1. Is it the case, given these coordinates, that residue 254 is modelled with pLDDT under 95, under 20 Å from residue 601 (Cα atoms) and within 18 Å of the chain's Cα centre (by Cα)?
2. Here's a check for you: in region 357-372, which residue that is surrounded by fewer than 22 Cβ atoms within 10 Å (Cβ to Cβ) and farther than 19 Å from residue 402 by Cβ is modelled with the highest pLDDT?
3. For residues that are at pLDDT 95 or above and out of contact with any helix residue (DSSP H, G or I) (no Cβ under 7 Å at 6 or more places or on another chain), scanning just region 182-193, find the one that is nearest to residue 104 (Cα to Cα).
4. If the requirement is being at pLDDT 95 or above and touching a strand residue (DSSP E or B) at 6+ places or on another chain (Cβ under 9 Å), which of these qualifies: 642, 648?
5. Hey, can you tell me all the residues within region 185-206 that are in contact with a strand residue (DSSP E or B) (Cβ under 6 Å, 6 or more places away or on another chain) and in contact (Cβ under 8 Å) with a residue 60 or more places away in the chain?
6. Out of (1) in a loop (DSSP other than H, G, I, E, B); (2) over 28 Å from residue 618 (Cα atoms); (3) in contact with a strand residue (DSSP E or B) (Cβ under 8 Å, 6 or more places away or on another chain), what's the single condition that is false for residue 540?
7. Go through region 326-343 and give me each residue that's in contact (Cβ under 8 Å) with a residue 40 or more places away in the chain and either in contact with a helix residue (DSSP H, G or I) (Cβ under 7 Å, 6 or more places away or on another chain) or closer than 16 Å to residue 356 by Cα (or both).
8. Looking at (1) crowded, with 16+ Cβ neighbours inside 10 Å; (2) over 30 Å from residue 276 (Cα atoms); (3) out of contact with any strand residue (DSSP E or B) (no Cβ under 6 Å at 6 or more places or on another chain), which is the one condition that is false for residue 549?
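The values are calculated or read from the model by the stated rules, or taken from the named source; none is laboratory data. These numbers come from a predicted model, not from an experiment. No Cβ is skipped: glycine too gets one built from the backbone with ideal geometry, and neighbour counts run over all protein chains shown.
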C-alpha cells in the first residue's frame, strides 16, 4: 500500500505539511478537499484509533513541549556536587518556556564510538547507574513530566547485547520507568515495537524523528515535524489532520528564529521541541521566541479538548493582510488561533465578530475581555498582534464565564506583561581552563620526559565538524542546507604560543599508575569504572607496561600532581609528537590533555592520538583508529564513571624553566 492515495485531478498537493492556497477565495474548496481526502486515506488504510483510545496513552495528546536534554548538560547534572538537578532544570524550563511536558534524555552521540561501549552502556554508565537514572525518572514523574529515552538504530558496530536491540530497549524502558522512545534517524519503528514495549511497560509512546508515514500513524503517538516548510497562508500538518490526537513537535534545531515553528504549532494545535544545547553546541532561544511560547502553552494546555476533539476549521478567516485565523469549536464555544506573518505589529479586527447575543469574547494572550454585545452594540474591538506574533480569542456564552477563567486571564495578562522582545540569541562564550603552573629545570629533567626547547609558532589543526564542532559550534545556524558538510574533516593552520616544555615519552603505564596508588593511597570520589581492567587491585599479568586506561581526567590529573607534573595541553602534545621527540605505545589509546573547555552548559576535553579501536558502519560514530598528531577529537565530560574509557590514557608534561624561548 502506498503511503498516500492518489489525489484526484486538480487537487491540492498532499505532502507532510499540506500547503494552503494564497487566495482566500480558494480556501473553501481547499477545506472541502482536505475533508474528503482524510476520509479517503482512513478508508484505504483501514485506520483504527484503538491505540489513541487506550487509557494508558491519554497523556500523549497533551505533551505540548518536549525538551531535548543532553545528559552531560550542566543544567541537568552538576559534576561539582555530584548530583542530578531535576528541579533546577524544570524551574528554568518554567521560567523560560512555560514548563516542559516531557524530556528526552539524550546520552550517546557524539561520544559513542570512542570505545566499544554501546548505546545501552551509555545509560548504564550514567552516575548512579540504572537505579540512579530510575530515581531521576521518578523525580520527573513526581513533577508531572514524562521521560523519553533515545534509540540509535545506527549503533551496530559497538559491543553487542546478548539479546536483540529491541528487547534490550524494552528492558531498559521498563527498568527506568520511561514513557517514550525517541526513534533517532527513523521514520517509524519496526512493526514489532508496539507489542514488545506493551509487554514490558504499557503506555510507552513511539516518536519518530523522520516524516512518519500514514501507515504508521495508528501506533506512533508522536513524531517530529522537523524542518517542515509552510506556505505563506498557514497550511495543515498532514498527520495531525488525519489523527487529531497525534502530537507533532515542531523543530528546527539550528534556527535562531523559531517563528515558523511557533506559527505552525499554533495554527495546527501541535507542539514544540525545545532544544538549545544541540549535541554540545549552544543554540539558545531568543527572549521573543521564549515569550511567545510562554503565552501559547497555557492556552494549549487549558483548552486541549478544542485541539483534539473540537471542530477544526483551518483558515476560517483572514482578519487583515498577512493575518490568518483557525477556528476550533467545542462545548458550545469557539477558540480562534491567529498568527501575524507581517514584520510589524497591528490591530486586527476580530474574526468572530459580531459577537452572538449573550456571548462574551476574551483575548487569551493579553488576558482581557474584548467586547460585550449588550454594552458595545455588537461592535467587537480589535485584537493586538505583535510583529510575527500570535493571538487567541475565546468566544463563549456569558454563563460559562467563571472565576477560574478570570484567574486564568489574570495569569495570562501577567505573562504578557513580562514579555521580552529581544531577538538576539543569548551568548555562551567557551572558556578554557588554564593548565596548572608546573615547571621543571631543564638540567633536572627525568629520563621519561623529553624536552622541546624551540616549539613551533604554527600548528595545523584537523578535526571532523559533526554537530558539535570543536572549540566553537559548527556554522549551521539558520543554514541547515549545509548538512552535507557535517561529516567532513577540516584542516586549518593556526598560530600557537608555546613556551619550552617537556612531555612524557609515552603514556603512563599500568605499572607506574599502580606505584602511584600504592604511594599516595589515591581513591577517587566516584569509583565507577575506575581501573575496570585491573584484577584484585592490580594490572592483569602481561599488561603492566601497557598504557593505563579506565582513568578519568581527574584521575590523570591526580597522578600528574603526585609526580610533580601536569598533563600536556593539546598544542604541547601535538608539537612533541610532530617533532618526533616522543612516541605512542601500541596498541594505541587516546590521550587526555590539559585542554578542558566549558560554555557553562557543556564541558569537554580535547583528545589526541587516536586508538586501536574503531567503530565502522556509521558516519555518526566518533573517529577511531590511529590519528595523525594534528587531529583533535572533542570528548564531552559528564562524571568520572562515564568519562572513563577502555581507550583513553594519558601522559605527563611540564613547562621548562631556565631555557630561553
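1. Taking the combined requirement at face value, the residue satisfies it.
2. My answer is 366.
3. Within region 182-193, the match that is nearest to residue 104 (Cα to Cα) is 182.
4. 648
5. Scanning region 185-206 gives a single hit, 205.
6. Only one criterion in (1) in a loop (DSSP other than H, G, I, E, B); (2) over 28 Å from residue 618 (Cα atoms); (3) in contact with a strand residue (DSSP E or B) (Cβ under 8 Å, 6 or more places away or on another chain) is unmet by residue 540, namely (3).
7. 326, 328, 332, 333, 334, 335, 336, 337, 339, listed by residue number.
8. Tallying (1) crowded, with 16+ Cβ neighbours inside 10 Å; (2) over 30 Å from residue 276 (Cα atoms); (3) out of contact with any strand residue (DSSP E or B) (no Cβ under 6 Å at 6 or more places or on another chain), residue 549 fails exactly one: (3).
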